[in-house]
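Enquirer: Let me give you the structure first, and then I'll get to my questions.
No lab work stands behind these numbers, since they all come straight from the coordinates. Bear in mind the structure is a predicted one, so any value in this text is a computation, not a measurement. Here Cβ is always computed from backbone atoms with ideal geometry, including for glycine, and neighbour counts include all displayed protein chains.
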Amino acid sequence: MEELVRTIAQSLVDNPDAVDVKLVEKGKEYVIELRVAEEDMGKVIGRQGRIAKAIRSVVKAVAVREHKRVNVEILD
């Protein structure tokens with residue numbers, strides 16, 4: 001799932017080398033932390049958060065198939 005988020009984020013931003021994805025386990029839940037360059041933050045979040053919601057939806061769909069609980073956090 002980390003690779004999925006990395007691929008999506010790198011295709012959206014102008015500076016794909018600055019994309020950093022990290023998987024953190026918090027109990028029974030996994031958190032995928034996504035960091036991008038400051039100037040690319042708007043491209044990952046989108047208008048009214050639509051792109052961020054879409055990324056989260058795709059990850060949740062994959063997580064359900066694997067019987068896991070996963071959240072995506074976009075960090076500054």
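Enquirer: Please compute the length gained on full extension between D17 and V58, using 0.36 nm multiplied by the number of residues separating them and subtracting their Cα-Cα distance.
Expert: Between D17 and V58, full extension yields 12.5 nm more.
Enquirer: For the pairs K26/K68; K26/K53; K26/K60, flag any whose C-alpha to C-alpha distance is greater than 19 Å.
Expert: The pairs that break the limit, which is 19 Å between Cα atoms, are K26/K53.
Enquirer: Quick check on the chain: helices-only [θ] at 222 nm, where DSSP H runs of length 4 and up contribute -39,500 (n - 2.57) each and the sum goes over total residues. Nearest 500, please. Spell out each step's value before the answer.
Expert: Details: 3 runs with 32 residues, N = 76.
When only DSSP H runs of four or more count, the value is -12500 deg cm²/dmol.
Enquirer: Additional query: Assuming 0.36 nm per residue, please report the length gained on full extension of the stretch N71 to E25 beyond their Cα-Cα distance.
Expert: 15.5 nm
Enquirer: Which trypsin sites (Lys or Arg not before Pro) from segment 24-65 combine a DSSP loop assignment with at most 12 other Cβ atoms within 10 Å?
Expert: Taking segment 24-65 and a limit of 12 other Cβ atoms within 10 Å, the loop trypsin sites (Lys or Arg not before Pro) found are K28.
Enquirer: With the Cα gyration tensor of segment 8-51 in hand, give its eigenvalues times 5 under a square root as the equivalent ellipsoid semi-axes, listed largest first in whole angstrom. Spell out each step's value before the answer.
Expert: Numbers: eigenvalues 94, 35, 11 Å².
Those come to 22, 13, 7 Å.
Enquirer: Give me the aspartates and glutamates in straight-line cross-link reach of K28: C-alpha distance below 18 Å, same-chain residues under 8 apart excluded.
Expert: Correct list for K28: E2, E66, E73.
Enquirer: If you don't mind, another one. Take the Cα coordinates of the chain, assign each an equal point scatterer, and use the Debye formula without solvent to give log10 I(q)/I(0) at q = 0.15, 0.17, 0.21 Å⁻¹.
Expert: Those come out to -0.46, -0.59, -0.88, one per q.
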